[in-house]
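These notes are about the structure you will find just below.
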Amino acid sequence: MRIIIIGQGNVACNLEAAFRRNNVFVEMVSSYENLDTIPQNADAYIYAVRDSALEEVISKVHTPPRALHIHNSGTVPISVFGEDKPHCGILYPFQTLSKEHILEDFSIVPVFIEARGIDDVSALYTLALTITPHIYEASQEDRERLHVAGVFANNFSNLMYTIAKDILSDTHIPFSALLPLIDETAAKVHSLTPKEAQTGPAKRHDKAVMEHHEALLKKNEYREIYKLLSSLIEDED
């Protein structure tokens with residue numbers, strides 16, 4: 001099988017590495033090159049570009065109709081592929097990916113797939129199986145919900161790390177002191193529900209501690225975030 005990955009960003013670099021480790025022939029091309037010159041003899045074309053560029057990039061790629069065209073977005077519908085690309089689908093890897101930190105083991109990553117027809121679902125499943133056994137069919141609506149959930153679980157959590165680092169910036173305590181806490185918090189939800197794993201002053205309804213924390217926060221934005229998140233935790237009980 002020959003695969004061409006269009007894009008050279010975070011997702012593209014990690015997919016390329018995963019396929020190569022499993023002896024799948026992959027060629028990467030930039031989404032800014034002359035896309036009319038892309039080889040015509042690949043079995044699959046993977047569009048690993050930002051959502052806002054997908055439609056434009058897809059429209060510039062012309063291949064024989066037998067080829068399978070795939071994008072990796074969690075939010076862009078399959079209809080982005082035109083009638084000139086009858087075989088198409090979505091392979092959405094649900095993981096935070098960075099080209100500066102290539103995943104050494106892609107087989108732990110769940111991927112969510114969708115395709116127009118049963119034959120394309122089968123082809124997409126077979127392709128995905130070369131890099132991970134964790135493959136799930138997911139509708140557009142389910143994939144969109146998953147994407148939003150991922151923003152809360154990953155992007156917003158990472159922002160909390162940034163805020164925590166900032167809070168410690170004028171102390172002698174390094175951010176690394178928080179890493180065991182971060183690791184244990186993540187580890188607990190492998191065996192407990194998030195609600196069961198919740199701890200802290202808001203969980204205990206300790207108003208005195210929460211008010212003291214708010215007074216320590218120098219930025220209004222941080223105080224507002226603290227109040228809102230604490231109220232949500234309190235409301236869970």
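None of the figures in this text is laboratory data; all of them are computed from the coordinates on show. Keep in mind it's a predicted model, so treat the numbers as computed, not measured. Cβ coordinates were reconstructed from backbone atoms using ideal geometry, including for glycine residues, and neighbour counts include every protein chain displayed.
General observations
- Burial ranking of peptide ranges 7-19, 165-177 (average Cβ count within 10 Å, highest at the top): 7-19, 165-177
- Structure-derived log10 I(q)/I(0) by the Debye sum over Cα atoms at q = 0.09, 0.17 Å⁻¹ - corresponding label in (1) -0.36, -1.30; (2) -0.41, -1.40; (3) -0.51, -1.19: (3)
- Cα-projected label distance for Glu83 with Gln95, points at 7 Å along beta-carbon direction, nm: 3.9
- For segment 94-157, fraction of C-alpha pairs farther apart than 13 Å, in %: 68
- Alpha carbon centroid spacing (whole Å) that separates segment 209-237 from segment 113-169: 30
- Farthest toward positive dipole pole in segment 2-138 [+1 Lys/Arg, -1 Asp/Glu at C-beta], among Ala18, His87, Thr37: Ala18
- Treating r as the C-beta distance of Thr37 and Asp142 and R0 as 30 Å, the FRET efficiency rounds to 0.20.
- The string of couplings for segment 86-92 from the Karplus curve (6.51, -1.76, 1.60, θ = phi - 60°) is x, 9, 8, x, 10, 10, 9 Hz, one whole number per residue in order, with x for Gly and Pro.
- For segment 2-138, taking the reciprocal of the average inverse distance between every pair of different Cα atoms yields a Kirkwood hydrodynamic radius of 14.7 Å.
- Rounded to the nearest 20, the size of the Cβ-charge dipole of segment 181-237 about its Cα centre is 160 debye, with Lys and Arg at +1 and Asp and Glu at -1.
- Taking the chain as a Gaussian network of alpha-carbon nodes connected by springs under 10 Å, the highest mean-square fluctuation of the residues Ile108, Ile78, Ile58 belongs to Ile108.
- Note on Tyr161 and Glu236: with the Förster distance fixed at 25 Å, the Cβ-Cβ geometry gives a FRET efficiency of about 0.65.
- Fully extended contour minus Cα-Cα distance, from Leu217 to Lys203, at 0.36 nm per residue: 3.1 nm
- Amide H contacts of Ala42 (H built 1.01 Å from N, under 5 Å, at least 5 apart or other chain): none
- Couplings for segment 27-44, taken from phi via the Karplus curve 6.51 cos²θ - 1.76 cosθ + 1.60 with θ = phi - 60°, read 10, 9, 10, 6, 6, 9, 6, 6, 5, 5, 9, 4, x, 8, 9, 7, 7, 9 Hz in order; Gly and Pro are left as x.
- Coil-residue GluC sites (Glu not before Pro) of segment 31-92, DSSP, other Cβ within 10 Å capped at 13: Glu33, Glu83
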